[in-house]
Amino acid sequence: MKIAKDKVVSLEYTLTVDEDTVIEDSFNTGPLRFIHGRGANSGVPQTLEDAVDGMEVGATKDVLVRAADMFPKDRQPMKEFARTEMPADVKVGAAFTAKTAEGAEVSFVVEEVAQEIVKVRFVHPLMGKDLNFAVKVLAVRDATPAELEQGAPMAPPAPPKK
């Protein structure tokens with residue numbers, strides 16, 4: 001069966017940046033599973049979805065996803081902070097890293113400085129980097145009506161107990 005619209009696809013993958021720095025792979029996270037043909041709603045980069053269209057189980061491909069396609073600046077979230085929460089000499093273009101209340105590290109860039117507020121744009125850690133996906137098609141099947149309704153594949157069944 002070929003990958004086409006409304007098929008559930010399972011991919012083995014290795015994601016790298018900067019030539020050969022492995023960011024993640026399916027050996028550690030499990031296969032990448034998505035319903036093909038859903039665009040941004042599929043959960044995979046459009047470039048990757050387009051590249052695997054028509055592939056069959058066992059096929060492999062290397063796919064380059066350009067930084068601008070993966071993390072377009074205009075789709076990164078923005079937030080306003082009180083001017084008093086920023087350094088007195090803050091300027092447009094200044095980059096900062098901070099920790100959330102939960103302890104997660106976030107990065108952002110100053111987009112606008114006004115008298116009372118500072119607008120910042122959050123930056124994904126991989127923003128500005130091209131992503132390389134080495135993929136192998138593990139499975140292709142028709143999506144169930146329930147999967148099509150929810151827009152995502154159902155969790156795979158648990159392996160049988162031995």
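The values are calculated or read from the model by the stated rules, or taken from the named source; none is laboratory data. Worth saying up front: this structure is predicted, and the values here are computed from it rather than measured. Note that we place each Cβ from the backbone using ideal geometry, even for glycine, and neighbour counts take in every protein chain shown.
Data table
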item: Residues located in the stretch 18-47, provided they are aliphatic (A, V, I, L, M) and either at pLDDT 95 or above or in contact with a helix residue (DSSP H, G or I) (Cβ under 8 Å, 6 or more places away or on another chain) (or both); result: LEU32, ILE35, ALA40
item: Condition check for THR84: modelled with pLDDT under 95 and either on the phi > 0 side of the Ramachandran plot or not in a helix (DSSP H, G or I) (or both); result: no
item: Odd one out for GLY58, checked against (1) surrounded by 10 or more Cβ atoms within 10 Å (Cβ to Cβ); (2) at pLDDT 95 or above; result: (1)
item: The stretch 20-35 - residue that is part of a loop (DSSP other than H, G, I, E, B) and without any contact (Cβ under 8 Å) to a residue 60 or more places away in the chain and, of those, nearest to ASP62 (Cα to Cα); result: ASP20
item: Residues (hydroxyl-bearing (Ser, Thr, Tyr), under 24 Å from GLU147 (Cβ atoms) and in contact with a strand residue (DSSP E or B) (Cβ under 8 Å, 6 or more places away or on another chain)) located in the stretch 1-29; result: SER10, TYR13, SER26
item: The one condition in (1) without any contact (Cβ under 8 Å) to a residue 60 or more places away in the chain; (2) within 23 Å of PRO153 (Cα to Cα) that MET78 fails to fulfil; result: (2)
item: Test set (1) more than 22 Å from HIS36 (Cα to Cα); (2) touching a residue at least 60 places away in the same chain (Cβ under 8 Å); (3) not small (Gly, Ala, Ser) - THR100 fails condition number; result: (2)
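For every residue, the table says whether it meets (1) of a type in the set (Asp, Glu); (2) outside any helix (DSSP H, G or I); (3) over 21 Å from ARG121 (Cβ atoms).
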{"residue": "ALA4", "(1), (2), (3)": "no, yes, yes"}
{"residue": "VAL44", "(1), (2), (3)": "no, yes, yes"}
{"residue": "GLY54", "(1), (2), (3)": "no, yes, yes"}
{"residue": "GLY58", "(1), (2), (3)": "no, yes, yes"}
{"residue": "LEU64", "(1), (2), (3)": "no, yes, yes"}
{"residue": "GLU80", "(1), (2), (3)": "yes, yes, no"}
{"residue": "LYS91", "(1), (2), (3)": "no, yes, no"}
{"residue": "ALA98", "(1), (2), (3)": "no, yes, no"}
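So that you can scan it fast, the table gives a plain yes or no per residue for (1) in contact with a helix residue (DSSP H, G or I) (Cβ under 7 Å, 6 or more places away or on another chain); (2) surrounded by 14 or more Cβ atoms within 10 Å (Cβ to Cβ):
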position	(1), (2)
ASP69	yes, yes
PRO77	no, no
GLY93	no, no
VAL113	no, yes
LYS119	no, yes
ALA146	no, no
